[in-house]
Amino acid sequence: MRSARGAALLRHLILGGFSAVIAMPLLWVLRVSLTDKATAYRLPPEIGEIGLQNYVEVFTAFDFTRWFGNSVTVAVLATLVSLPAAAMMAYAAARFRTGGWPLMLGVLASQMIPPIVLVLPMFLVFTTLVPVPGLVAITIAHVAINLPFMAWIMASFFDADTRMLEEAARCDGATRWQAFTRITVPVAMPGIIAAGLLGFILSWNEFLYALLLGNHSSQTLAVGLASLETHAGVNIAPLAAATLLALAPVLLLLPFLQTYLVKGLSLGALK
Amino acid sequence: MASIELRSVSRIFGAGAQAIRAVDRIDLRVEDGEFMIFLGPSGCGKSTTLRMIAGLEPVSEGELLIDGVRVNDIDPAERDLAIVFQNYALYPHMSVRKNMAFGLKLRGMAEAEIGSRIARVAETLGVEALLDRRPAQLSGGQRQRVALGRALVREPRAFLLDEPLSNLDAKLRSVMRTELIKLHRTLGTTMIHVTHDQVEAMTMGTRICIMRGGEIVQVGRPQDVYREPVDTFVAGFLATPPMNLLPARLDVADGALRLRIEGQEIALPLASRPGWARHAGRDVILGLRPEDLHEAPVGAATAALDCTIETVEALGPETILTLRLGRDGTELAARLPPEGDWRIGAALRLHADTSKLHLFDPETTRSIPGN
Ligand SMILES: Nc1ncnc2c1ncn2[C@@H]1O[C@H](COP(=O)(O)OP(=O)(O)OP(=O)(O)O)[C@@H](O)[C@H]1O
Ligand SMILES: [Mg+2]
């Protein structure tokens, strides 16, 4: 009995330790966002007077609304463009072995190239060859990163089970396209949504491309927040508030992501 | 309603040295309104053949005709055949009703007509109460009915059934077997039914097509295939226990055919099987169905075989004995009436009905015709 309880205690200590490592910075940011600059730097940490003044300042003193708007625009557009394309690519690869293993290996390899290697050629393309507005350039870049990533995730959703359903639909009189849109896509929808959410979050948090391909007016949240750290010193308290606001959409999406990812992964259990 | 014809049809998977001929130049004509059974061991190409007919698998060589029209390159959607898969392949995101309506909607049928067809089929199959459920909320047997219903509402030119009963328990399977036979009788639509269950094969079809290794071994009415198997494979495949196959030597002496089987002899008049005389002086395989062995001589044409009882299986209406020829010779089975006092290890003299004997050539495994 005693040793069982001891083991449980040990387990919780270890888990608690890891949780703390993840939670502490977030809690720290939360604390800072609710205090003023002077209290924020005090050690040991103090709570001091709590208020929402930093959250108000985020909207009045910075371009927060525009950054937020830019991020939403880029992430939504990039996801809307890449998701259907990625679904069709994954379908083609799964169903017809289009491109064979080199394609899927290439897709995987593209995820392993350090972004900095790609960003310079892209910068040249978008500044000299096809000059486009900053937001468009960032969106295109995000499509380029997200599409293979999403296709890679989705390839496994178009497996033997959906194939058999499609065959049934084809014999029922459906064209290949009808079978794809009316059977395969709805059946794989949880997985497709999960891939879309992952892509959205990836795009939302993306920094390097957004920084180098954009200009002042096309700053996304990730870039805008980073800029706060340099101009006129670090305005730590409003920065913390802005960071939490930037995180909010991702935090809101996470429960959905989890649900759909689990459903997507259990697609095989059609019976 | 359709006739289906395969002319030297092959399906080759892969290419070059690794190419597999899953179906090897088969010729078959399924007549309009026929209930054809594809029977054979696992991997013999039954499903592949069915899928080629459905259009889900390309025809690598040869010609496939439906109602006399070459359909090699016709899309499955346009063949107007309905297929029922072993795992049913119901659309999981649609209700039973929508599953059934799917194919009709694609054909642009009016809602009212769709509704009445579904109602009719649902009643036939007894699934009215399930129409608004999702496939996940159905039992295996119910899914099977819905899958069948989805095919029935289409009123297709032919039904292709790929082991639709194999996931059901024994009782449900025999119920569905009867229902399928009835359905075929009322609809009169061409059906091809894939199975490796020989009871299904014997009872359901108007003809059986027995396959092995991508080839057709024999096609015929169930009783004909049973009575006249063309080779030892068919003889050994149909029925449980299958035909006994005993190594023997054939001689002709004094106007009689003499079969010597491990020291015992069966004699029969030469006139009864003149064709066998050509194999005199050679080794043969003697084929003898378990039900053609009796405890007492039946009629004039019998020959005694001394055996030793090895196992006794009392099945109720009959008893299956596994025996050894002589004391410890080749194994054979006998199907006897249920009453009898059989002890394991005891000697038993059985009487073979010599009018029911088969001979096979041990080299080619083909049947040796008696006349
Ligand atoms: N896609 C494929 N690629 C390569 N070989 C295949 C493919 N599909 C089937 N085969 C081979 O073709 C042969 C026939 O397969 P098929 O599925 O038609 O057998 P079957 O008679 O239906 O068997 P079972 O009773 O087990 O369903 C098998 O040897 C199988 O391995
Ligand atoms: Mg099969």
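Can you name the residue in the range B:203-222 that is more than 16 Å from ligand 1 (Cβ to nearest atom) and among the charged types (D, E, K, R) and is also nearest to the other protein chains (Cβ to nearest Cβ) among such residues?
Looking at the filtered set, the residue picked out is B:Arg207.
A:Thr127 versus (1) without any contact (Cβ under 8 Å) to a residue 12 or more places away in the chain; (2) more than 14 Å from chain B (Cβ to nearest Cβ); (3) within 30 Å of B:Arg150 (Cα to Cα); (4) of a type outside the set (Gly, Ala, Ser): which is the lone unmet condition?
(3)
State which residue pairs qualify: first residue more than 18 Å from A:Leu221 (Cβ to Cβ) and inside the range A:47-69, second residue modelled with pLDDT of 80 or more in any location, beta carbons under 6 Å apart, and separation of 6 or more residues or different chains.
A:Gly48/A:Thr35; A:Ile50/A:Leu34
If you go through the range B:159-199 one residue at a time, how many are part of a helix (DSSP H, G or I) and closer than 25 Å to B:Asp24 by Cα? Please lay out each step first, then the result.
First, the residues of the range B:159-199 that are part of a helix (DSSP H, G or I): B:170-187, B:198-199.
Add one more test, that the residue is closer than 25 Å to B:Asp24 by Cα, and what stays is B:198.
Counting residues in the range B:159-199 that are part of a helix (DSSP H, G or I) and closer than 25 Å to B:Asp24 by Cα gives 1.
Scan the range B:189-202 for residues that are more than 16 Å from ligand 1 (Cβ to nearest atom) and open to solvent by 20 Å² or more (accessible area, probe 1.4 Å) and jot them down. Talk me through it step by step, then tell me what you get.
Going through the range B:189-202, the residues more than 16 Å from ligand 1 (Cβ to nearest atom) turn out to be B:189-191, B:202.
Within the range B:189-202, B:Met202 is the sole residue that qualifies.
Does B:Leu90 qualify as being of a type outside the set (Val, Ile, Thr) and open to solvent by less than 30 Å² (accessible area, probe 1.4 Å)?
yes
Given the conditions (1) away from ligand 1 (no atom under 13 Å from the Cβ); (2) under 19 Å from the mean Cα position of the chain (by Cα); (3) surrounded by fewer than 21 Cβ atoms within 10 Å (Cβ to Cβ), which single one is not true for B:Ile74?
All conditions pass for B:Ile74, except number (2).
Just to be sure before I move on: is A:Ala85 free of Cβ contacts under 8 Å to residues at least 12 places away in the same chain and either closer than 17 Å to A:Gly214 by Cα or assigned by TED's automatic domain parsing to the domain that holds A:Trp152 (or both) in the structure I sent?
So A:Ala85 fails the test.
Out of all the residues in the range A:129-150, is one or more surrounded by fewer than 24 Cβ atoms within 10 Å (Cβ to Cβ), closer than 30 Å to B:Tyr88 by Cα and at pLDDT below 90?
No, the conditions are met nowhere in the range A:129-150.
Select from the range B:25-47 the residues that are in contact (Cβ under 8 Å) with a residue 12 or more places away in the chain, surrounded by fewer than 18 Cβ atoms within 10 Å (Cβ to Cβ) and within 13 Å of ligand 1 (Cβ to nearest atom) and list them in ascending order.
Passing the criteria: B:Pro41, B:Ser42.
Within the range B:122-165, track down each residue that is among the aliphatic types (A, V, I, L, M), touching a residue at least 24 places away in the same chain (Cβ under 8 Å) and open to solvent by 60 Å² or more (accessible area, probe 1.4 Å).
The answer is B:Ala136, and nothing else.
Name every residue in the range B:48-71 that is within 16 Å of ligand 1 (Cβ to nearest atom) and of a type outside the set (Gly, Ala, Ser), in order of residue number.
B:Thr48, B:Thr49, B:Leu50, B:Arg51, B:Met52, B:Ile53, B:Leu56, B:Glu57, B:Pro58, B:Val59, B:Glu61, B:Leu64
Looking at (1) farther than 29 Å from B:Glu331 by Cα; (2) open to solvent by less than 60 Å² (accessible area, probe 1.4 Å), which one does B:Trp276 not meet, given that it meets all the others?
So the condition that B:Trp276 fails would be (1).
Count, please, the residues in the range A:151-184 that happen to be among the aliphatic types (A, V, I, L, M), at the interface with chain B (Cβ under 10 Å from one of its Cβ atoms) and open to solvent by less than 30 Å² (accessible area, probe 1.4 Å).
Residues flagged as among the aliphatic types (A, V, I, L, M), at the interface with chain B (Cβ under 10 Å from one of its Cβ atoms) and open to solvent by less than 30 Å² (accessible area, probe 1.4 Å) within the range A:151-184 amount to 6.
For A:Phe207, all conditions in the list (1) within 23 Å of the chain's Cα centre (by Cα); (2) within 14 Å of chain B (Cβ to nearest Cβ) hold save one; what is the number of the exception?
The failed condition is (2).
If we only count helices (runs of 4 or more DSSP H) wholly inside the range B:1-110, which ones have 2 or more residues that are within 16 Å of ligand 2 (Cβ to nearest atom) and at the interface with another protein chain (Cβ under 10 Å from one of its Cβ atoms)?
Output list reads B:46-54.
For the range A:205-221, enumerate the residues that are in a helix (DSSP H, G or I), out of contact with any Lys or Arg (no Cβ under 8 Å at 6 or more places or on another chain) and surrounded by fewer than 21 Cβ atoms within 10 Å (Cβ to Cβ).
Kept after step one, since they are in a helix (DSSP H, G or I), are these residues of the range A:205-221: A:205, A:208-213, A:216-218, A:221.
Keeping just the survivors that are out of contact with any Lys or Arg (no Cβ under 8 Å at 6 or more places or on another chain) gives A:205, A:208-213, A:216, A:218, A:221.
Result: A:Asn205, A:Leu208, A:Leu211, A:Leu212, A:His216.
Checking the structure you have, find out if any residue of the range B:108-121 is under 16 Å from A:Arg170 (Cα atoms), open to solvent by 40 Å² or more (accessible area, probe 1.4 Å) and either touching a Leu at 6+ places or on another chain (Cβ under 9 Å) or at pLDDT below 95 (or both).
Yes - at least one qualifying residue is present in the range B:108-121.
The values are calculated or read from the model by the stated rules, or taken from the named source; none is laboratory data. From a predicted model like this one, the values you see are computed outputs, not experimental measurements. Cβ: placed from backbone, ideal geometry, glycine included. Neighbour counts: every protein chain shown. When the accessible area is computed, the model is the full protein with side chains, heavy atoms only, and any ligands, DNA or RNA have been set aside. Shrake-Rupley method; radii C 1.70, N 1.55, O 1.52, S 1.80 Å.
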